[in-house]
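For reference, the structure discussed in these notes is given below.
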Amino acid sequence: MARQARQVRTGPGGLSRRAFLELSAGGLAGVAGLGAPPAWAAVPGSAEDARLGKHLIGKLEGPEILTDPASIPKKFSEAPMLAQLVKAGKLPPVEQRLPLEPMVVKPLHEIGKYGGTWRRAFTGPADLENGNRICSTDKPLFVDYTGTVTKPCVARAWKMSDDGKVFTLTFRKGMKWSDGAPFTADDVMFWYEDIYQNKELLPIPPTELTVNGKVGRIEKVDDSTVAFVFPEPYYLFETIMAGDAQIACGQATGAYRPSGIMGLYAPKHYLKNYLPKYVSQDQLQKQAEAAKMGSWVSLFKYKCSWCLNTELPTLTPWKTTNPINTPQWILERNPYYYAVDTAGNQLPYWDKIVMTLAENLEVLNLRAVAGEYDWQSRHIQLPKLPVLLENQKKGNYRVYLDPGQFGGSAYIAVNLTYEGDPEVAKWLQNVDFRRALSLAIDRDQVNEAYFLGLGTPGSPAPDESLPHSPGPQYRTLWSTLDIKKANELLDKIGLTKKDSEGYRLRTDGKGRLRIEIATQAAAFIDFTGITEMAVASWKKIGIHGDVKEMERGLETRRSLNNELQMEVSENTGSENLWVNPGHVLPVLSSTRNGPLYFKWFATNGQQGKKPEDPRLLQAMELYRKGPGLKEAEQRQVAQEIWKIVLDQVYNIGLVGLAPGSYGVRVVKNNVGNVPGRLSQLREARIPCGAHPTTFFFRS
């Protein structure tokens with residue numbers, strides 16, 4: 001029996017969930033190219049909901065990467081704007097700009113046309129992912145459009161030794177940076193020797209070169225080949241190289257890392273001019289002062305910033321020509337981009353990407369409704385779906401829905417190493433306190449109000465169809481509304497005294513116990529509204545929750561500095577625990593539930609703080625051993641880690657498996673090669689798994 005729909009106010013007059021689903025069914029029923037969704041793509045909810053909502057979800061599809069050398073075209077073509085530069089003698093011919101074996105992309109539907117500007121929105125200097133998720137094909141390896149199959153990218157070939165100790169990566173001969181300089185294995189060794197191992201740039205280097213606590217190394221084999229040599233088997237390394245971990249993130253995604261440092265390679269011919277090894281300290285200091293920066297480290301990080309430094313040579317299909325800290329972030333085609341379509345046309349088809357600053361998300365979404373964007377999913381808010389659907393014809397666009405497979409479309413991360421207030425820290429580290437907070441939340445209310453009932457209330461566990469899922473019973477473990485049980489747990493641990501308003505008092509005699517939950521302003525999901533609704537129910541158990549909304553950059557800095565008690569985010573990528581564990585365990589620099597534990601883990605105990613919780617220690621040690629195991633064993637260990645994490649409630653799930661942060665897509669009707677559905681698996685870097693270089697305007 002279907003649940004009774006609550007009224008959800010999404011615009012003038014409001015729309016019920018049933019009305020919204022009926023509108024969506026009618027609005028997209030006649031769209032060509034929409035097929036039956038995969039097994040894991042069904043809309044959560046009742047059978048009726050799934051029937052009505054399926055019209056918003058198209059077929060999971062995308063372009064194909066051809067790996068047979070015979071598929072390489074015999075002749076090549078280029079964009080008219082580049083042909084003019086060749087004619088003027090300002091560029092070499094396209095044949096000389098491409099590598100000997102370019103990446104060949106078979107477009108989804110048809111060979112595209114050159115020209116045009118992709119109009120979209122961004123929300124300011126902290127919105128780095130807005131561009132890198134379009135340009136992530138600067139990674140050594142990538143995945144196909146499903147987000148599950150490893151494909152060549154900057155590297156054309158790879159191989160893992162039988163014993164799992166040596167991983168070899170072969171790059172494309174004749175490949176060039178965007179300024180025409182050769183790209184070789186020396187650019188990898190420069191990154192490894194002069195950046196990765198530089199303690200001033202990376203005080204705590206990424207852990208991806210470490211297996212079971214033991215560090216591997218990178219060796220140059222020849223001008224096009226490098227080898228990763230490990231002291232123990234590291235069968236997971238291929239998966240890591242195809243993901244977005246620090247060591248494999250390239251330049252675009254590297255700009256988003258907390259360190260601000262790119263991954264695996266760097267343009268030696270350019271960046272060596274900003275390192276003390278190659279330039280005198282005095283000269284660097286003068287350059288830093290001239291740039292109004294305090295040190296050569298700050299200067300270097302600026303110089304290697306893909307989204308700020310317009311002079312930086314890149315491998316991305318488009319490169320920044322107007323930086324992200326301006327009202328328009330502009331990227332223009334890279335004349336040396338290494339990919340072609342099956343007809344020999346050098347990609348990308350679109351000349352330029354112009355992202356215009358939106359003052360806030362309301363403005364951004366109103367502009368989307370008005371049809372001002374050619375393709376936008378980032379920051380399009382799910383509650384705006386009804387009005388988006390109502391205006392499709394007027395705005396000359398189409399709406400697509402791309403549900404995620406991660407369990408935390410919104411979840412509360414508990415900072416287990418918070419030290420700012422000893423009383424609060426004591427309770428954050430108490431499992432029964434965390435369980436009580438989780439049991440007190442009305443998740444159905446949050447799902448209806450902020451996800452139109454299209455998500456799944458519960459824990460932050462991955463979709464049950466995925467190999468790392470610990471089982472369906474863990475979706476509801478400590479994650480269903482039970483006020484009575486929550487109160488019993490709080491009484492049991494000693495929080496029995498209350499003030500005149502019924503709120504529980506601190507045990508140190510300093511008044512009411514207050515818990516602060518940080519949210520990011522201008523996020524693509526209304527985390528602030530969600531959090532306010534979620535913690536409002538804490539009053540029924542006598543816990544006062546203070547929601548603190550912060551600018552994104554400030555919130556991130558405070559999180560990394562161990563200053564936050566709790567924060568709300570989404571755990572995108574956590575469906576593959578080995579590649580993206582940051583939302584699950586404190587084993588990555590981006591962790592939200594224990595920055596000091598991460599430092600302890602990453603430095604083998606030399607820095608940070610060792611967990612006292614034996615279950616957390618067990619989970620972290622299991623994670624440390626996992627990469628050296630073969631696939632079947634990795635799967636079993638991942639499931640065991642999830643069981644521990646969910647039982648101990650290190651993170652409080654709210655709603656998952658929803659078309660959340662990137663799940664609502666608005667695309668103009670004249671755009672070609674548009675997939676019916678995009679994978680939200682983290683490795684696919686939505687929409688990059690669909691190779692935006694093959695999008696084009698039909699007219």
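Write down the accessible area per residue of segment 195-323 in Å², having rolled a 1.4 Å probe over the full set of protein chains.
On the way: 4770 Å² over 129 residues.
With the other protein chains kept in place, segment 195-323 gives 37 Å² per residue.
Normalised by the residues of segment 110-153, what does the relative contact order come to in percent, with Cα pairs under 8 Å and at least six apart?
Dividing the mean separation by the residue count of segment 110-153 yields 23 percent.
Need one word for segment 176-237: rounded, prolate or oblate. Basis is the Cα gyration tensor (sqrt eigenvalues a ≥ b ≥ c); a/c below 1.5 gives rounded, then a/b vs b/c decides.
oblate
May I ask you to derive the FRET efficiency for Asp499 and Leu617 from their Cβ-Cβ distance with R0 = 45 Å, giving the value to the nearest 0.05?
So the FRET efficiency works out to roughly 0.75.
Taking a temperature of 20 °C and a viscosity of 1.002 mPa s, what whole-number D in µm²/s does Stokes-Einstein yield for the chain with Rh from Kirkwood over alpha carbon pairs?
So the translational diffusion coefficient is about 82 µm²/s.
Among residues other than Phe122 whose Cβ falls under 13 Å from its Cβ, what is the net charge (Lys/Arg +1, Asp/Glu -1)?
+3
Counting other C-beta atoms within 10 Å, and keeping those with at most 16, which DSSP coil trypsin sites (Lys or Arg not before Pro) do you find in segment 102-156?
Lys113
Run the numbers for Gln473 and Lys548: contour at 0.36 nm per residue of separation, minus the present Cα-Cα distance, in nm.
Net length gain for the segment: 23.7 nm.
Using 0.36 nm per residue of separation minus the Cα-Cα distance, give me the extension gain between Lys610 and Asn561 in nm, one decimal.
Net length gain for the segment: 16.0 nm.
If you roll a 1.4 Å probe over the chain with all protein chains in place, what percent of the accessible area is carbon or sulfur?
The value for the chain is 49 percent carbon and sulfur by accessible area.
DSSP loop (so not H, G, I, E, B), at most 14 other Cβ within 10 Å: list which GluC sites (Glu not before Pro) in segment 260-348 pass both filters. Can you show the working numbers first?
On the way: sites: Glu289, Glu311, Glu332; in loops: Glu311.
When the GluC sites (Glu not before Pro) of segment 260-348 are filtered for loop state and at most 14 Cβ neighbours within 10 Å, Glu311 remain.
Please state, rounded to one decimal and in Å, the Kirkwood hydrodynamic radius that segment 651-699 gives when every pair of distinct Cα atoms enters the mean of 1/r.
Computed over Cα pairs of segment 651-699, the Kirkwood hydrodynamic radius comes out at 12.6 Å.
Under the rule of at least 5 residues apart or a separate chain, name every residue whose amide H is placed under 5 Å from the amide H of Val547.
Correct list: Ile517.
Multiply the residue gap between Thr321 and Lys59 by 0.36 nm, knock off their C-alpha separation, and tell me the result in nm, one decimal place.
Numbers: separation 262, 0.36 × 262 = 94.32 nm, distance 3.52 nm.
Gain in length upon complete extension: 90.8 nm.
Which FRET efficiency, nearest 0.05, do Glu390 and Asp482 yield, Cβ-Cβ r, R0 56 Å?
So, using R0 = 56 Å, E works out to roughly 0.90.
Collect residues whose amide H, placed 1.01 Å from N in the peptide plane, falls under 5 Å from the amide H of Lys498; neighbours closer than 5 in sequence don't count.
Under 5 Å from the amide H of Lys498 lie the amide H atoms of Leu505, each far enough along the sequence or on another chain.
Students often check this: by mean Cβ neighbours within 10 Å, which of 623-630, 570-577 ranks highest, and how do the rest follow?
Result, highest mean Cβ count within 10 Å first: 570-577, 623-630.
Just the projected area, averaged over all directions, of the convex hull on the alpha carbon atoms of segment 96-239: how many nm²?
It is 11.9 nm².
Where only protein heavy atoms count, and the probe is 1.4 Å, what is the accessible area per residue for segment 463-579 in Å²?
Result: 43 Å² per residue.
Given R₀ = 45 Å, what would the calculated FRET efficiency be for Asp282 paired with Lys87, taking r from the Cβ atoms and rounding to 0.05?
My answer for the efficiency is 0.50.
Per residue, how much accessible area does segment 84-174 show when a 1.4 Å probe rolls over the protein heavy atoms, in square angstrom?
41 Å²
Over 32 Å between Cα atoms: which of Lys139/Lys384; Lys319/Lys610; Lys151/Lys625; Lys301/Lys668; Lys139/Lys394; Lys498/Lys599 fall into that group?
Flagged as over cut-off: Lys139/Lys384; Lys319/Lys610; Lys301/Lys668; Lys139/Lys394; Lys498/Lys599.
Beta carbons within 10 angstrom, averaged per residue: use that to sort the peptides 636-649, 545-558, 376-389, highest first.
Details: 636-649: 20.2, 545-558: 16.4, 376-389: 22.6.
Taking the mean over residues of other Cβ atoms within 10 Å, the ranking is 376-389, 636-649, 545-558.
Considering only the other residues whose Cβ falls under 10 Å of the Cβ of Asp351, what net charge follows from Lys and Arg at +1 and Asp and Glu at -1?
Working: positive: Arg333, Lys352; negative: Glu332.
With Lys, Arg at +1 and Asp, Glu at -1, the net is +1.
Counting residues in segment 415-515 as N, plug N into 2.2 N^0.38 Å and put the Cα Rg over that result. Don't skip to the end; give the middle numbers.
Details: Rg = 16.1 Å, N = 101, 2.2 N^0.38 = 12.7 Å.
Ratio of Cα Rg to 2.2 N^0.38 Å: 1.27.
Restricting everything to alpha-carbon atoms, can you work out Rg to Rh for segment 144-196 with a Kirkwood hydrodynamic radius?
Rg/Rh for segment 144-196 comes to 1.04.
What is the Cα centroid distance between segment 155-195 and segment 560-633, reported in whole angstrom?
Value for the Cα centre distance between the two parts: 29 Å.
Using amide H atoms built in the peptide plane, which far-off residues or other-chain residues are under 5 Å from Thr225 H to H?
Long-range HN contacts for Thr225: Phe171, Ala185.
Summing +1 for each Lys or Arg and -1 for each Asp or Glu, what net charge is found among the other residues whose Cβ lies under 12 Å from the Cβ of Glu311?
Net charge in that neighbourhood comes out at +1.
Counting helices only, and only those DSSP H runs with n ≥ 4, report the 222 nm mean residue ellipticity of the chain as the sum of -39,500 (n - 2.57) divided by its residues, in deg cm²/dmol to the nearest 500.
Values: 23 runs with 184 residues, N = 699.
Computed ellipticity for the chain at 222 nm equals -7000 deg cm²/dmol.
The values are calculated or read from the model by the stated rules, or taken from the named source; none is laboratory data. Keep in mind it's a predicted model, so treat the numbers as computed, not measured. Here the Cβ is made from the backbone with ideal geometry for all residues, glycine too, and neighbour counts use every protein chain on show. Surface accessibility is based on the protein's heavy atoms, side chains included, excluding ligands, DNA and RNA. Shrake-Rupley method; radii C 1.70, N 1.55, O 1.52, S 1.80 Å.
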